[in-house]
1. May I ask you to verify whether D65 is buried (at least 17 other Cβ atoms within 10 Å of the Cβ) and acidic (D, E)?
2. In region 535-555, what residues are among the hydroxyl-bearing types (S, T, Y) and in a helix (DSSP H, G or I)?
3. Please indicate, with yes or no, whether at least one residue in region 374-391 is within 15 Å of the ligand (Cβ to nearest atom), surrounded by fewer than 17 Cβ atoms within 10 Å (Cβ to Cβ) and either in contact (Cβ under 8 Å) with a residue 40 or more places away in the chain or on the phi < 0 side of the Ramachandran plot (or both).
4. In this structure, is D340 more than 16 Å from the ligand (Cβ to nearest atom) and either in a loop (DSSP other than H, G, I, E, B) or at pLDDT 95 or above (or both)?
5. Could you list all residues from region 296-315 that are outside any loop (DSSP other than H, G, I, E, B) and touching a Leu at 6+ places or on another chain (Cβ under 9 Å)?
6. Take E346 and decide whether it is in contact (Cβ under 8 Å) with a residue 24 or more places away in the chain, away from the ligand (no atom under 16 Å from the Cβ) and part of a helix (DSSP H, G or I).
7. What is the residue count in region 241-251 for residues that are surrounded by 12 or more Cβ atoms within 10 Å (Cβ to Cβ) and either of a type in the set (S, T, Y) or part of a loop (DSSP other than H, G, I, E, B) (or both)?
8. Filtering region 399-422 down to residues that are part of a helix (DSSP H, G or I) and away from the ligand (no atom under 14 Å from the Cβ), which residue is surrounded by the most Cβ atoms within 10 Å (Cβ to Cβ)?
Amino acid sequence: MKRIILLISLLIPVCLAAKVETPDIVPAPLKLEMGKGSFNMKGVCINCDPNMDHQAVKAVRQLADRLTLVSGRLIEVACPIGLTRVVEKGNLKGLYFIQDASVAPEGYKISIGSKAAVVRASDFNGFFYSLQTLRQMLPAAIYGSTPAPSENWRVPCCEIEDAPRFGYRGILLDCCRHFFSVDEVKKVLDVMAMYKLNRLHWHLTEDQGWRIEIDKYPRLTEVGAFRNGTMIKREWGSNDGIRHGGYYTKEQIRDMVAYAGARGITIIPEVDMPGHMVAALASYPEYGCAGSGPYEVLTYWGVSKQVLNVGKEETMRFLEDVCAEVADLFPGEYFNIGGDECPRDEWKTDPDCQAKIKELGLVSDENASAEARLQNYVTARMQKFLATKGKKIIGWDEILEGELAPGATVMSWRGTKGGIKAASMGYDVIMSPNIYCYLDHCQSTDLDSEPYCITQKPERAVTLTKLYHYEPYEGMEPSSVHHVLGVQGNLWTEFIGTDDYLEYMLLPRLLALSEVQWCTPENKNYERFIKSLGSHELPILGKLGYNYRKPDELK
Ligand code: ACM
């Protein structure tokens, strides 16, 4: 008997210690100090500051409703006048959300005691992210809608102070090489929100498909949104014979923008120009160069030599008209004008382009060709035009070739050198180097063990660990790192044709990316991250119906 009592007395502290184990939170918070004891969220009374953003109160109510459903005890949310004074006085009971201008943008503080918990933030995203963190501290049943009243609906007492390292935390989704439904794009937005990503760079126009309704140019979607089949793997000249396409109506786009906004995500549209425009040229061949064409929405991958005839004023007006309609749909401050992979061969022989080069006095020198400078003219003109719509431009790192007007933001994709150079020249940059951040690359160096993808050499694989260990300031002068707005992962879809495969390529690399984007280097820890994936994140993603790749470390 004595032995049993001894065993029990030895086990009790172990059980208590297990209860206050550091919760698995991805991305890891800036500061997390564990306390003693726990706070019961079951039936908790929630009070929101009446000064809080009404969208934030709505998000709190949504969590309260979900908690009511799964825990089986009603949770009410009130917004009483004079709440801040009550909180200052102390002696609290329940869960409080307080507007606090001193908290960093998108940051939040959570103070959890055994009787009361107080959350502070200064903006919608801060409150929204505090809710994601609270959810990660609760039993996984919070992510479902099945009642689980017997679960332990307590969260550990702790102090959390959190804020992102970077303000721009993005994913590019290519809905052109393959079209994805509104529901699937929303599913991507949902998982981005869980891990505190805040920008969806939506690639909407391409050689292989135009995906956005434009009232003034209906043929863009009547013709440009569909292609007559798709090449099979890398078999040039092959065609699967399956017509592929689709587009988003303006109504669907507005709905998507609102859906993203309610999750703290801004959607940045990309209209890629003046290359990557074959679907537009198939719809309106009059904007093509002399001797080019006939045009057909491409059924194969790669970089097309068929580009817009930017020497023609009509073409520039077409671009302005399209961008005006697109800009109207997306309320964010940025607009991506692409600018990558534009072969200038056709411009060398096109009379309109050559006349424009002459008119503008563009010359070739050791820095850039006259044709590269013609692309600078397109970039500068669109930058000026979009400024009249209240937008700043982002472009791929090719926009640096020749001259680039101040105020443009450069997205570094051909490795890191474009971003390093642009930042040293005083441009803001978003780091999206293919070697670390291209999510269409294979997830294993053992290429044959993975589904077919774009990667042909093992060293081009973007493994979970490679992405996780990416340091965006690497190679930069300390004096220019403040130009790094953030980091983006790019999910191109040449070889990704199904929702399941899209998710497989996204997950769990999106979670590794979230730590690159959110955490300070000191706060990253791959072992802790992998452990969180195994114990918490991946089971939850599975429960939510996401397909993901099981990391090698957990196999
Ligand atoms: C790109 O991958 N062409 C930006």
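1. For D65, the condition - buried (at least 17 other Cβ atoms within 10 Å of the Cβ) and acidic (D, E) - is not met.
2. S535, the sole residue that qualifies.
3. Looking through region 374-391, none of the residues is within 15 Å of the ligand (Cβ to nearest atom), surrounded by fewer than 17 Cβ atoms within 10 Å (Cβ to Cβ) and either in contact (Cβ under 8 Å) with a residue 40 or more places away in the chain or on the phi < 0 side of the Ramachandran plot (or both).
4. Criteria not met by D340.
5. Result: L308, T315.
6. Yes, satisfied.
7. 4
8. Filtering region 399-422 for residues that are part of a helix (DSSP H, G or I) and away from the ligand (no atom under 14 Å from the Cβ), the one surrounded by the most Cβ atoms within 10 Å (Cβ to Cβ) comes out as A422.
The values are calculated or read from the model by the stated rules, or taken from the named source; none is laboratory data. Predicted model, so just to flag it, every value in this text is computed and none were measured. Methodologically, a virtual Cβ is constructed for each residue, glycine included, from the backbone with ideal geometry; neighbour enumeration extends over all protein chains shown.
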